[in-house]
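Report on the following structure.
Readers should treat all values here as calculations from the given coordinates under stated rules, not as data from a laboratory. Predicted model, so just to flag it, every value in this text is computed and none were measured. Note: ideal-geometry Cβ built from the backbone for every residue, glycine included; neighbour counts use all protein chains shown.
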Amino acid sequence: MIHSLFLVNASGDIFLEKHWKSVVSRSVCDYFFEAQERATEPENVPPVIPTPHHYLISVLRHRIYFVAVIQSEVPPLFVIEFLHRVVDTFQDYFGVCTEAAIKDNVVVVYELLEEMLDNGFPLATESNILKELIKPPTILRTMVNTITGSTITAEIQGVIDACVKLTGMPDLTLSFMNPRLLDDVSFHPCVRFKRWEAERILSFIPPDGNFRLLSYHVSSQNLVAIPVYVKHNITFREGSSQGRFDLTLGPKQTMGKAVESVLVSSQLPRGVLNANLNPSQGTYTFDPVTKMLSWDVGKINPQKLPSLKGTMSLQAGASKPDENPTINIQFKIQQMAISGLKVNRLDMYGEKYKPFKGIKYMTKAGKFQVRT
């Protein structure tokens with residue numbers, strides 16, 4: 001029924017899109033923008049706009065246009081009711097339905113849209129059912145967003161590695177739920193680039209064994225969900241021989257997936273002689289020569305957040321350090337792609353046997369640094 005959904009802000013910019021079947025070009029929204037220009041008020045944009053190949057059905061809520069793309073005739077009120085349900089769900093999950101809230105929770109947004117429609121038809125639209133499938137952001141998480149400050153820079157480097165062991169000459173097609181998330185894509189030579197350009201579908205005859213099918217880059221900071229937050233209080237007082245070290249870690253926007261293999265390191269100032277710290281879990285080491293502090297946290301338990309607290313001993317008479325140390329974090333999250341990229345389906349042509357198909361998602365920290 002619903003082919004695609006575009007979210008348009010008050011400035012006329014498309015800031016989010018979701019496709020349930022093949023990708024519909026953003027140019028289809030040109031018909032909507034033309035109607036928007038002709039309207040004397042934002043509320044006067046026609047709710048149903050016919051185009052040569054589609055119908056555009058929209059609602060305006062909280063200064064955001066929710067524009068659904070329909071390929072066949074359906075009752076417009078049915079689509080409008082669904083769009084209002086989407087808005088209500090966002091408001092229920094995030095407290096407000098604003099462009100900022102949607103961008104801050106973009107991974108959850110895509111998960112919700114995926115559950116609410118199945119191949120373009122409404123599936124789970126009741127709030128209580130959705131909350132069983134996708135846990136909403138908590139009040140604590142919202143507070144943490146405020147406490148831990150803003151993101152200076154963020155990007156995602158992603159890859160799709162394949163392991164193919166098929167007989168004959170199978171022709172494969174791989175499609176994604178949201179291929180528009182992919183920026184700066186680099187393909188294996190077996191991929192037919194023209195098919196990708198036209199339909200955003202990967203079509204290829206794979207080599208045998210292990211190979212990298214593609215690598216991609218998500219550079220839009222608003223689309224990068226930070227999966228771990230850090231609460232820190234590292235202080236040095238002028239004239240004092242002691243400093244305070246207080247660090248707490250927690251998961252954020254991980255859709256209930258566990259954050260594992262967590263390792264925290266920090267290069268403490270040269271004036272620090274020793275660190276007397278108490279970890280709530282895991283073990284820590286401090287090298288008095290290199291001044292490197294390492295904390296092997298392990299797995300984060302959301303019910304009992306790991307913390308490292310204590311004091312640092314400073315050289316007598318040493319001046320207060322000019323800068324607070326930075327904190328570097330390594331972690332893994334199994335069965336989750338932080339980019340929000342999800343495989344829709346993998347099909348095989350040219351051979352008659354039925355292959356075994358499997359997929360594994362993994363998020364790993366690259367250079368994850370927190371300035372204190």
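Taking Cα atoms, how many degrees apart are the long axis of helix 106-116 and the longest axis of the chain, rounded to 10 and kept between 0 and 90? It is inclined by approximately 40 degrees.
You can think of it this way: the chain between E323 and H84 has 81.1 nm of extra reach, that is 0.36 nm per residue less the Cα-Cα gap. The distance from the alpha carbon centre of the range 53-121 to that of the range 1-46 is 12 Å, rounded to a whole number. Here the sum of -39500 (n - 2.57) over DSSP H runs of 4 or more residues, divided by the residues of the chain, equals -5500 deg cm²/dmol at 222 nm, to the nearest 500. Taking a Cβ cut-off of under 14 Å around Y31, the surrounding Lys, Arg, Asp and Glu residues balance to a net charge of -1, with basic ones at +1 and acidic ones at -1.
The Stokes-Einstein estimate for the chain, based on a Kirkwood radius over Cα pairs and taken at 25 °C with 0.890 mPa s viscosity, is a diffusion coefficient of 104 µm²/s.
Label sites at T153 and K360, each approximated as a point 7 angstrom past Cα along Cα to Cβ, lie 3.2 nm apart. Taking the charge dipole of the chain about its Cα centre, with +1 at Lys and Arg Cβ atoms and -1 at Asp and Glu Cβ atoms, the residue from M348, I226, S313 reaching farthest to the positive side is S313.
The lysines within cross-link reach of K291, meaning a Cα-to-Cα straight distance under 21 Å and a gap of 8 or more places when in the same chain, are K309, K320, K367.
The GluC sites (Glu not before Pro) of the range 167-276 that DSSP puts in a loop, and whose beta carbon has at most 11 other beta carbons within 10 Å, are E238. Taking label points 7 Å from Cα along the Cα-to-Cβ direction, S127 and A10 give a separation of 2.5 nm. Taking 0.36 nm per residue of separation and subtracting the Cα-Cα distance, full extension of the segment from T40 to Q330 would add 99.1 nm. Rounded to the nearest 0.05, what FRET efficiency do F33 and Q267 give with R0 = 51 Å and r taken as the Cβ-Cβ distance? Could you check? The calculated FRET efficiency here is 0.50.
Scoring 352-360, 100-108 by mean Cβ neighbours within 10 Å over their residues and listing the highest first yields 100-108, 352-360. Against the main long axis of the alpha-carbon atoms of the chain, helix 76-94 sits at an angle near 0°. If R0 is taken as 25 Å, the Cβ-Cβ distance between D161 and Q71 corresponds to a FRET efficiency of 0.15.
Couplings 3J(HN,Hα) for the range 271-281, derived from phi with the Karplus relation 6.51 cos²θ - 1.76 cosθ + 1.60 (θ = phi - 60°), are x, 7, 8, 7, 10, 10, 10, 10, x, 6, 7 Hz, where x marks Gly and Pro. Only aspartates and glutamates eight or more places from K360 in sequence, or on another chain, were considered; those with a Cα closer than 12 Å are D161.
When the charge dipole of the chain is built from unit charges on Cβ atoms (+1 for Lys and Arg, -1 for Asp and Glu) and taken about the Cα centre, the candidate among P288, L123, M177 whose Cα reaches farthest toward its positive end is P288. Semi-axis lengths, largest first, of the ellipsoid equivalent to the range 1-104 are 20, 16, 13 Å, with √(5λ) applied to each eigenvalue of the Cα gyration tensor. Loop-located trypsin sites (Lys or Arg not before Pro) in the range 160-252 (DSSP state not H, G, I, E or B) with no more than 10 neighbouring Cβ atoms inside 10 Å: K165.
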